[in-house]
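K.L.:
One structure, pasted below without further comment.
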Amino acid sequence: MSHKLLILALMLVLGACTNKDQLKKILKENPDVMTEAIEANPDKFIDALNNAVKKSQEVMAKRREEEESKALEDSFNKPMVAEIRADESFRGPKDAPLTLVEYSDFECPFCSRGFNTVMELMKKYDGKIRFVYKHLPLSFHPQAMIASQYYEAIRLQDAEKAFKFHDAIYLNQRSLQNGEKFLQAEAKKVGADMGKLAKDVKSEAVMKRIQADIEEAGKFGFQGTPGFLLNGVPVKGAYPTSHFDDLISKLKEKGKVSL
């Protein structure tokens, strides 16, 4: 129980016109008064405490909402700029007006929801959106890093094969618990050169690229997955397609994008 909530609860229980300093003095000089007040009025004390906690939670929730709203508004004017590398792989037109960057973990169940949302957005805004997949494998997902390595190793061969591999993992995410046996099987299905894959999967180029994604995600404040940037506007979590629709509408209203 916080100090402020305790004082508020005691003032309500004692039912007196007592200010905070007076109450502090009473408690200091007569420490037993708190115990006696609680024992004499347990129901009132619990009700007062619950009401104080509820009010405090409402105030904090409103404050968070206001802070998030301000941060979102700021991001329209000062978008977060993800690095688009010279060899970046895009799903969708390279010159699309909308850019959706995802920082994801192949083993994260919320990222499978994010996958569904991405596919819906690609269909809904066909020809007007490009998608970039970046990595944020979380340490408590044992297969996440190796899955990212396989994706990047396949991407070095062919971007389309890499995206097919990406889709296969999210469509069969539970099978990822089988580790490399599953990853190798899916790599073969998409037509990857397995000999080259074996050489590249733990290569310096692959590991550096994944690490660069992780560091970039951290710079943008993404600690969990999935995290998105829609034309630089951050989205933390597996929000539905409608949330992105709203952001796109706001981008259009503010003249930040023309569709």
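We did not get these values from a lab; they are worked out from the coordinates using the rules stated. Predicted model only: the values in this text are computed from it and were never measured. For neighbour counting, all protein chains shown are included, and Cβ atoms are generated from backbone atoms with ideal geometry for every residue, glycine included.
K.L.:
Let me check I've understood the local charge: for residue 190, count other residues with C-beta under 12 angstrom from its C-beta, Lys and Arg +1, Asp and Glu -1. What total comes out?
P.N.:
Details: positive: 155, 161, 164, 188, 189; negative: 158, 160, 167, 186, 193.
So the surrounding residues net to 0.
K.L.:
Let me ask another. Which order do the peptides 148-154, 220-226 take when ranked by the mean count of other beta-carbon atoms within 10 Å per residue, highest first?
P.N.:
Details: 148-154: 25.0, 220-226: 18.4.
Going from most to least packed, we get 148-154, 220-226.
K.L.:
On to the next question. Going by C-beta contacts inside 10 Å, put 107, 36 in order with the fewest on the left.
P.N.:
36, 107
K.L.:
Which of rounded, prolate, oblate describes region 165-224, given a ≥ b ≥ c as roots of the alpha-carbon gyration tensor eigenvalues and a/c under 1.5 marking rounded, otherwise prolate only if a/b is larger than b/c? Before the final figure, lay out the partial values.
P.N.:
Numbers: a/c = 2.69, a/b = 1.41, b/c = 1.91.
Oblate is the answer for region 165-224, as a/c is 1.5 or above yet b/c matches or exceeds a/b.
K.L.:
How far, in degrees from 0 to 90, does helix 20-29 lean away from the longest principal axis of the Cα atoms of the chain, to the nearest 10?
P.N.:
70
K.L.:
Taking a 27 Å limit on the Cα-Cα distance, which of the listed pairs 128/164; 196/236; 123/219 fall beyond it? Write out the running numbers ahead of the final one.
P.N.:
On the way: 128/164 21 Å; 196/236 35 Å; 123/219 30 Å.
Over 27 Å Cα-Cα: 196/236; 123/219.
K.L.:
Can you spot the aspartates and glutamates whose alpha carbon is less than 12 Å from residue 124's alpha carbon? Ignore those fewer than 8 places along the same chain.
P.N.:
245
K.L.:
For a quick check: sort 186, 29, 83 by the number of other beta carbons within 10 angstrom, fewest at the front. Intermediate values should be presented prior to the final figure.
P.N.:
Numbers: 186 23, 29 8, 83 11.
Fewest to most other Cβ atoms nearby, the residues stand as 29, 83, 186.
K.L.:
Now, a different point. Can you give the helix-only mean residue ellipticity at 222 nm for the chain, where every DSSP H stretch with n ≥ 4 adds -39500 (n - 2.57) and the sum goes over all residues, rounded to the nearest 500 deg cm²/dmol? Walk me through the intermediate numbers first.
P.N.:
Working: 11 runs with 154 residues, N = 259.
For the chain, the value works out to -19000 deg cm²/dmol.
K.L.:
Ranking 239, 125, 133 by Cβ neighbours within 10 Å, fewest first, what do you get? Spell out each step's value before the answer.
P.N.:
Details: 239 16, 125 19, 133 23.
Sorted ascending by nearby Cβ count, the order is 239, 125, 133.
K.L.:
Would you work out if region 131-208 is rounded, prolate or oblate? Take a ≥ b ≥ c from the square roots of the eigenvalues of the alpha-carbon gyration tensor; rounded if a/c is under 1.5, else prolate when a/b is larger than b/c, oblate otherwise.
P.N.:
Details: a/c = 1.29, a/b = 1.12, b/c = 1.16.
Rounded, since a/c falls under 1.5.
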